[in-house]
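This structure is in structure tokens; I'll ask about it shortly.
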Amino acid sequence: MRCERVFEIEDGYLLGKLAKEDMSQVEQHLNKCLSCRQRIKGYEELLGQMFEAVVPVNPPIELRTAILAHANGDSKPEKNQKKQWNWNFFPGYSPVFGSVVAAFMLILAALSALLFTQVQDLNKHMEQSQRLQALTSSPDTMIWSMTQPNVPYNSNAPRARMYARPSMDIYLVTAINIVPAPDGKIYKFWYDIGDTLEFGGNLNIDESGTASILINDQNKDALNITSCFITLENFNAALNAPTTAPLLIWKKS
């Protein structure tokens, strides 16, 4: 299954509504594709946060009784219930009940505001995912593979890719099979645009040996990139130039 197809049916995958065969194919693709795996993982984490934000609340017994009374068309007070002045917002019920409902409404308003914010975050995340999809799978996408210098290709060896498009203002760098950096060290990404060396960012390797970073380029200079590489530097090293030889590199031929 290709990235485009996963992108089309990922909603069904997240909700568990796909056929078993489609679910299996998506999972096989996610095991191989870092970009799709990270996108789906982001959706799952965000959906989990949204569900956790809605805390179940047990309504007070007065609220349950009042609702049942209205449902049965009975708004009269019980025989043993003392008559109260009707000066609250809910005629026929005590001020305590009015306070409870008011508090309940405030809680609902707060949850609504929280959910609205999270939906906005989800929309932003989806927009970012769509941009990554366009960046990594369009016909004019340029993909530059960074490998170890002067070492024969090995599928288990460290390697990285840089994705760029002339019409977009972001680049994506992904890396796999990377050994976590020793204490006090960090992996740094660099790229050359013409005669200018640019620092792209730090690569924070996870437990599986993978990492990815997004790089903004408002000038859209992808066509002028002549090389890109990764070095292992001291954590507090300057950002103007690398101090060690490239571990992974690509050069324009």
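The values are calculated or read from the model by the stated rules, or taken from the named source; none is laboratory data. All values reported here derive from a predicted model rather than from experimental measurement. Cβ: placed from backbone, ideal geometry, glycine included. Neighbour counts: every protein chain shown.
Give all pairs with beta carbons closer than 9 Å in which a residue from the stretch 196-223 that is within 13 Å of N177 (Cα to Cα) and not assigned by TED's automatic domain parsing to the domain that holds R165 meets a residue that is surrounded by fewer than 17 Cβ atoms within 10 Å (Cβ to Cβ) and polar (S, T, N, Q); count only pairs at least 6 apart in sequence or on separate chains.
From residues that are within 13 Å of N177 (Cα to Cα) and not assigned by TED's automatic domain parsing to the domain that holds R165, there are no pairs.
Here is a further query. Which members of the stretch 175-187 meet the condition of being part of a strand (DSSP E or B) and either surrounded by fewer than 21 Cβ atoms within 10 Å (Cβ to Cβ) or at positive phi (or both)?
Of all residues in the stretch 175-187, those part of a strand (DSSP E or B) come to 175-176, 185-187.
Within the stretch 175-187, I176, K185, I186 qualify.
Only residues in the stretch 15-41 that are surrounded by 15 or more Cβ atoms within 10 Å (Cβ to Cβ) count as the first member; pair them with residues that are assigned to a loop (DSSP other than H, G, I, E, B) and charged (D, E, K, R), Cβ under 9 angstrom, at least 6 apart or cross-chain, and list the lot.
So the pair list comes out as H29/R2.
Considering only residues that are in a loop (DSSP other than H, G, I, E, B) and surrounded by fewer than 12 Cβ atoms within 10 Å (Cβ to Cβ), which ones fall in the stretch 203-234? Steps first, answer last, please.
Of the stretch 203-234, the ones in a loop (DSSP other than H, G, I, E, B) are 204-210, 217-221.
If the condition is that a residue be in a loop (DSSP other than H, G, I, E, B) and surrounded by fewer than 12 Cβ atoms within 10 Å (Cβ to Cβ), then D206, E207, S208, Q218, N219 are the ones that fit.
How many residues, within the stretch 235-246, are touching a Phe, Trp or Tyr at 6+ places or on another chain (Cβ under 8 Å) and surrounded by 14 or more Cβ atoms within 10 Å (Cβ to Cβ)?
Pass one, the stretch 235-246, residues touching a Phe, Trp or Tyr at 6+ places or on another chain (Cβ under 8 Å): 239-240, 242, 246.
Keeping just the survivors that are surrounded by 14 or more Cβ atoms within 10 Å (Cβ to Cβ) gives 242, 246.
The total comes to 2.
Continuing with this model, one more query. Does T174 satisfy being of a type outside the set (A, V, I, L, M, F, W, C), touching a Lys or Arg at 6+ places or on another chain (Cβ under 8 Å) and touching a residue at least 40 places away in the same chain (Cβ under 8 Å)?
yes
Hey, another quick one. Output the number of the condition that S208 fails; it satisfies all remaining conditions of (1) among the small types (G, A, S); (2) at pLDDT below 90; (3) in contact with a Lys or Arg (Cβ under 7 Å, 6 or more places away or on another chain).
Exception for S208: condition (3).
Name the helices (runs of 4 or more DSSP H) wholly inside the stretch 1-80 in which the number of residues that are within 16 Å of the chain's Cα centre (by Cα) and at pLDDT below 70 is 1 or more. Don't jump to the end; show me each part of the working.
On the way: elements: 3-15, 20-32, 34-53, 61-71.
In the stretch 1-80, 34-53 are the helices (runs of 4 or more DSSP H) which contain 1 or more residues that are within 16 Å of the chain's Cα centre (by Cα) and at pLDDT below 70.
Return the residues of the stretch 143-171 that are in a strand (DSSP E or B), out of contact with any helix residue (DSSP H, G or I) (no Cβ under 6 Å at 6 or more places or on another chain) and either in contact (Cβ under 8 Å) with a residue 24 or more places away in the chain or within 14 Å of L247 (Cβ to Cβ) (or both); say none if nothing qualifies.
Here is the first cut: in the stretch 143-171, the ones in a strand (DSSP E or B) are 143-147, 159-164, 170-171.
Going one step further and asking which of them are out of contact with any helix residue (DSSP H, G or I) (no Cβ under 6 Å at 6 or more places or on another chain), we end up with 143-147, 159-162, 170-171.
Of everything in the stretch 143-171, those that are in a strand (DSSP E or B), out of contact with any helix residue (DSSP H, G or I) (no Cβ under 6 Å at 6 or more places or on another chain) and either in contact (Cβ under 8 Å) with a residue 24 or more places away in the chain or within 14 Å of L247 (Cβ to Cβ) (or both) turn out to be W144, S145, M146, T147, R159, A160, M162, I170, Y171.
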